[in-house]
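Here is the structure we will look at, set down as structure tokens.
The values are calculated or read from the model by the stated rules, or taken from the named source; none is laboratory data. Since we're looking at a predicted model, the values are computed, not measured. Cβ coordinates were reconstructed from backbone atoms using ideal geometry, including for glycine residues, and neighbour counts include every protein chain displayed.
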Amino acid sequence: MAISKTSSTRSMATSLVRKAGVRMTQQRRAVLETILTSHDHPTAAMIFERTKAHMPGISLATVYNCLETMAETGIINHLNFDNGPSRFCPNLEPHVHLLDDTSNRVLDVQLKPGLRPEDVFELPEGTCVTRMDACLHGNIPV
Ligand SMILES: [Zn+2]
């Protein structure tokens, strides 16, 4: 089981990088695999610690460079919440974020099935929403 999960994460990482036209390096692969298997919207420091467990020689600067390249090419989402450190999200499906006021936990949330942003928000007439980028703040039950 563990082997097939790893190999599917690896092939997803390869195909994302190839689609973005970015050269795959061992470091990029390791950083991307860390993000693809992290569902908690980690910070760069968290990604560094997790990647270092598999690739002890990687530096924090390299992790930052990989994250910057992957965010610029749309392989991952780069998120900024208030004054906190940047966080990263591998979910490329349309979604917004729900940030827990107490724990700073971040969840991906989608519109309810069948709804479009135009159905939920009062938008100027004729507006065509091209992507969603919003953060809801609240208290998420534990
Ligand atoms: Zn997300």
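Identify all residues within the stretch 21-59 that are surrounded by 14 or more Cβ atoms within 10 Å (Cβ to Cβ), under 23 Å from N80 (Cβ atoms) and aliphatic (A, V, I, L, M); write none if there are none.
V22, V31, L32, I35, L36, A44, M46, I47
For the stretch 85-119, enumerate the residues that are on the phi > 0 side of the Ramachandran plot and not small (G, A, S).
The answer is N104, and nothing else.
Take the residues in the stretch 98-109 that are near the ligand (Cβ under 10 Å from one of its atoms) and over 13 Å from H39 (Cβ atoms), then tell me which one is surrounded by the most Cβ atoms within 10 Å (Cβ to Cβ). If you could, list the steps in order and put the result at the bottom.
Filtering the stretch 98-109 down to residues near the ligand (Cβ under 10 Å from one of its atoms) leaves 98, 106-109.
In the following step, the residues that additionally are over 13 Å from H39 (Cβ atoms) were identified as 98, 109.
Details: L98: 16, V109: 12.
Filtering the stretch 98-109 for residues that are near the ligand (Cβ under 10 Å from one of its atoms) and over 13 Å from H39 (Cβ atoms), the one surrounded by the most Cβ atoms within 10 Å (Cβ to Cβ) comes out as L98.
Quick grid of which residues meet (1) more than 11 Å from the ligand (Cβ to nearest atom); (2) modelled with pLDDT under 95; (3) not β-branched (V, I, T):
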| position | (1), (2), (3) |
| --- | --- |
| T62 | yes, no, no |
| E72 | yes, yes, yes |
| N80 | yes, yes, yes |
| L92 | no, yes, yes |
| V96 | no, yes, no |
| R116 | yes, yes, yes |
| T130 | yes, yes, no |
| D133 | no, yes, yes |
